[in-house]
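Remarks on the structure that follows.
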Amino acid sequence: MSKNNHTEVIYGLYNDEEDLLRAVKLAKKDHLEIYDVYTPFPVHGLDPILGLEESRLHQAGFIYGALGTLTAFLGMSWVFTKDWPNIFGGKPYWSVPAFIPITFELTVLFAAVGMTVTFYVINGLGPGVVNNHLDDRITDDKFCIAFDKSAVNSDKAEAFFSTTGAEEVNSKTI
Amino acid sequence: MNQYTFASSHRNVLLGAIGLGIVCLILTWMGDDAYHTRFWTNFLHNSVFFTMISAMALFFIAACVTAYAGWHTTFKRVWEAYSIFLIVGLVLLAIVGLGNYFHWHHLYHWADDAGVEADPILKGKSSFLNKNWYMLGTIIFVGAWAFFAHKLRSLSLEEDLVGNSSFKQHKSMRFWAAIVLPIFGFTSAAMIWQWVMSVDAHWYSTLFAWYSTASAFVSMIALTILLIIFLKNKGYFTVVNDNHIHDLGKFLFAISIFWTYLWFSQFMLIWYANIGEETIYFRERYDNYPYLFFGNLIINFLVPFFILMRNDTKRKFGSVSFVAIIVLLGHWVDYFLMIKPGALINRNHALGHGHEEHGADAAGHGAEHAVAHSSEFVAGFTMPGLLELGTFIGFLGLFLYVALTVLSKSALVPKNDPYLDESIHHHVI
């Protein structure tokens, strides 16, 4: 998620996703505003607890796919009837069955490439981009909850981390 | 409620459906031609359709056990019950097989000895397309499937009673399931060639077995969804929830697309190669059955594709059962379209006003007559009529009667299955 730069956060690291899930539930119950949660892999059931809405990436994917379908089908129809009509194997110029495999392939290609690019753009990823990691270990084996210090004060956050069994508590400006 | 009781009201409804089916079969028989072709095609069509559904249930149990799958465990008794129908299917198809010997019907051109003698193509195929192979194949192969279905179900029931952490029964099921898969893979193809593809005896397609099996697979998943939702509405299967329906919906979606892929692969290669003896199959359907031919693609591909594409339509019982009903009927029509056109040509040939005869006519009016004949509407062949629908309801009633009777004999949710806990806690989103 791209956030504003220079946010001062306090974060706790957990060893286990079950501890993390319990902690997130408690934070929600205590109305502590969570800045973000970082995990090395998708933790099952985390999204509904955090109240994240369903990604709209697949809707974009459908549109890209439909664009691919139209591009391939209309493109081939134009080429083989108007632009450069050729007879292949005694078939009519406009041979729909022969267009279907290519239409299918362009649909998949457009959807796949379009979704990948959209995903990268939304998340601010790309070649040469430097990302501010809170901690390198959250890409390996640690589960992290971060609070924005301006929303949740440090004492409250530290008390929360100690009651929920965080291994380590740090602060960082990202 | 983990013990299903087959309520007498449901029993009566299903018996009524069977009665309707029998009445429709009798009515079909009475208003039929000399060979009773409409009766026998309806009988073959529905027997093959429901036998294949129950065979696919056996196949899918075996595939899930072999793949160490756990999601289906809570409702696997439904598939076990479906697969027990194989023994009924064996009897039904053996009746068709006996018909070959006693000339009760003229469904298959290859069963006509005089015709085969005069026909070098059928003579070349006669080592496989003959009455003995048809009969023995049906009895031995379907018998083997029925045996495997019984074996897997009895192991599952034994596990309910004496299963413990050594998982002896489950290990034994893995052994049997691994045997089922290759045997079923080859024998189902051979039987589909005999039962369905050989109606068009001159024609063949190497994709045909895959295509018709995918059709049966979709129907099996659709019928599973409908029965589970019905039982849930009656208060059973409380542990089966929208996550399991979601996975079944994914199968309905995926196998519908797989079916379309196979349908199109078969069609496009034949269309592109444009070899007369291959294209005749599609020419016949394209010219004389255009509504069914294109409607087949719309209801079996476009409807499930666009409705089930979203996440939530696969989870909502209303939308998923709507698609299941459409697709079940759609694949029944798909089998209709595999059998009826060829059977109609065989009938016309046998009754002595086939196309071949007109070809012998030297005068031009013969060809004109043939064209006029081929586009004329034949009740029960050109379109499924009310009698076909009634017969379908009858066979569906018989299938469900057998399945529900089997289901009422044991606990609905298995006990002691190693994957039971995984299945109860199955979550997909």
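We did not get these values from a lab; they are worked out from the coordinates using the rules stated. None of the values given here were measured: they were computed from a predicted structure. Positions of Cβ are backbone-derived with ideal geometry, glycine not excepted, and every protein chain shown enters the neighbour counts.
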Worksheet, complete the sentence: One finds, for B:Lys168 and B:Asn243 with R0 = 30 angstrom and r their Cβ-Cβ distance, a FRET efficiency to the nearest 0.05 of 0.50
Item to complete: Express the Stokes-Einstein translational diffusion coefficient of region A:57-122 in µm² s⁻¹, to the nearest whole number, given a Kirkwood radius over alpha-carbon pairs, 4 °C and a viscosity of 1.567 mPa s.
Response: 102
Worksheet item: Between the helical axis of B:8-30 and the dominant principal axis of chain B, each derived from Cα atoms, what acute angle in degrees is found, rounded to the nearest 10?
Response: 10
Discussion item. Straight-line reach from B:Lys409: which lysines fall under 25 Å, measuring Cα to Cα and dropping same-chain residues less than 8 apart?
Written reply: B:Lys76, B:Lys151, B:Lys168, B:Lys171, B:Lys232, B:Lys234
Item to complete: Over all directions, average the projected area of the Cα convex hull of chain B and note it in nm².
Response: 21.0
Worksheet item: What is the helix-to-structure angle for B:242-273, meaning the angle in degrees between its Cα long axis and the longest Cα principal axis of chain B, kept from 0 to 90 and rounded to the nearest 10?
Response: 20
Response to the item:
In nanometres, the difference between 0.36 nm per residue of separation and the alpha-carbon distance of A:Asn123 and A:Glu33 is 30.2 nm
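Would you calculate a helix-derived [θ] at 222 nm for the protein assembly as shown, using -39,500 (n - 2.57) for each DSSP H run of n ≥ 4 and dividing by the full residue count, to the nearest 500?
Details: 25 runs with 391 residues, N = 603.
So the helix-based figure for the protein assembly as shown works out to -21500 deg cm²/dmol.
Send over the per residue convex hull volume for the protein assembly as shown, Cα only, as a whole number of Å³.
Working: hull volume 116.5 nm³, N = 603.
Normalising the Cα hull of the protein assembly as shown by residue number yields 193 Å³.
Want the number for B:Ile140 to B:Ile275: 0.36 nm per residue separation, take away the alpha-carbon distance, what's left? Present the calculation step by step, with values, prior to reporting the outcome.
On the way: separation 135, 0.36 × 135 = 48.60 nm, distance 3.56 nm.
That pair, B:Ile140 and B:Ile275, stretches by 45.0 nm at full extension.
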Fill in: Long-range HN-HN contacts of A:Glu167 with modeled amide H, under 5 Å
A:Leu13, A:Tyr14, A:Asn15
Worksheet entry | Hz values of 3J(HN,Hα) by residue in region A:110-127 - Karplus curve (6.51, -1.76, 1.60), Gly and Pro given as x | 4, 5, 5, 5, x, 5, 5, 4, 4, 4, 5, 5, 4, 8, x, 9, x, x
Item to complete: Mind checking which lysines have their Cα closer than 16 Å to the Cα of A:Lys29? Skip sequence neighbours fewer than 8 apart in that chain.
Response: A:Lys156
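Which number comes out as Rg/Rh for chain A once both Rg and the Kirkwood Rh are worked out on C-alpha atoms? Please report the intermediate quantities before stating the final value.
Values: Rg = 24.7 Å, Rh = 19.8 Å.
Ratio of gyration radius to Kirkwood radius: 1.25.
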Practice prompt. Mind sorting B:Phe147, A:Phe161 by how few other Cβ atoms lie within 10 Å of their own Cβ, fewest first?
Written response: B:Phe147, A:Phe161
Worksheet item: Across region A:17-25, in residue order, what do the Karplus-derived ³J(HN,Hα) couplings come to in whole Hz, using 6.51 cos²θ - 1.76 cosθ + 1.60 with θ = phi - 60° and x for Gly and Pro?
Response: 5, 5, 4, 4, 4, 4, 5, 5, 4
